[in-house]
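Here's the structure, in structure tokens; my notes come after.
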Amino acid sequence: SPDDSLQARLGGDEFAVLAEMPAREDDVRRKANKIVEALSLPYTLEAGVVRISGSAGVYICDRTDLRRSAMFERADHALYRAKQERRGEAVVFSDRHEADFLGANHVDRTLQQADLEAELTLEFQPQYDLLENRIAGFEALARWRSPQLGPVSPDVFIAAAERTTQMSRVTQVLLDKALTALAALPGHLRLAMNLSAHDLISESNVRKIVEKVRESGLDATRLEFEITETA
């Protein structure tokens, strides 16, 4: 109930509830799902009926050795799992999540401290036109080689960038490298690169992308943006 809990807006469309209650997983999950269900109720506005949805991540803390930030990070990891695997439901952080979390957390911290300009590179996969019997362009594939972690697969570090709000920073570095490569290619060749859905839902990120392409002086029709599979 509101009397024995603290509700807060974290920013954007993320909210948190801090409550002291008996740590029975089924009860906690049931309460969290009630919040999710309440979010899905229709809202009647002047312009019409609006429906939204939400997911929830829950961490039940029965440890005395964790800092508040560590508790929050585990709840956030459960939320990420809910969005990835059980959208529209509540996921309770459990022992089976701990190993994944510790691994993901290490990648997250390393990415936040990385020299992206030096560590991120692009590989180029040819796109072949069978009718014209020639290469029509290339797809720029992101690669991260970390001095601490070694090569990190794109599905791992893109997910980490999305979790840690580093996606815009990663995209800007990769776009600079892609535009440099495109300038060196013959004028009839195109270049495709991936964007995250996180890039597209931010007006400021979209503006930065457009400005970089405009400042490059290149023909923008030679550049294609694709949406990553994580969308």
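Tabulated values for the structure
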{"quantity": "Where Glu117 falls short, out of the listed (1) modelled with pLDDT of 95 or more; (2) within 19 Å of the chain's Cα centre (by Cα)", "calculated": "(2)"}
{"quantity": "Residue ID - farthest from Leu6 (Cα to Cα), chosen from residues in region 21-51 that are touching a residue at least 60 places away in the same chain (Cβ under 8 Å) and not basic (Lys, Arg)", "calculated": "Glu25"}
{"quantity": "Those residues of region 88-130 which are closer than 30 Å to Leu41 by Cα and hydroxyl-bearing (Ser, Thr, Tyr), in sequence order", "calculated": "Ser94"}
{"quantity": "Residue in region 98-111 that is loosely packed, with under 10 Cβ neighbours inside 10 Å and either part of a helix (DSSP H, G or I) or out of contact with any helix residue (DSSP H, G or I) (no Cβ under 9 Å at 6 or more places or on another chain) (or both) present", "calculated": "yes"}
{"quantity": "Region 28-53, residues that are more than 26 Å from Ala78 (Cβ to Cβ) and either among the aromatic types (Phe, Trp, Tyr) or out of contact with any Lys or Arg (no Cβ under 6 Å at 6 or more places or on another chain) (or both)", "calculated": "Tyr43, Thr44, Leu45, Glu46, Ala47, Gly48, Val49, Val50"}
{"quantity": "Cβ-Cβ under 8 Å pairs, at least 6 apart or on other chains, region 201-220 side under 20 Å from Thr165 (Cα atoms), far side β-branched (Val, Ile, Thr) and at pLDDT 95 or above", "calculated": "Asn205/Thr171; Ile209/Thr171"}
{"quantity": "When residues of region 140-167 are limited to those that are in contact with a Ser or Thr (Cβ under 7 Å, 6 or more places away or on another chain) and touching a residue at least 40 places away in the same chain (Cβ under 8 Å), the one surrounded by the fewest Cβ atoms within 10 Å (Cβ to Cβ)", "calculated": "Leu149"}
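The values are calculated or read from the model by the stated rules, or taken from the named source; none is laboratory data. In this text the structure is predicted, and so the values were computed from the model without any measurement. All Cβ positions, glycine included, derive from the backbone under ideal geometry; neighbour counts span all protein chains shown.
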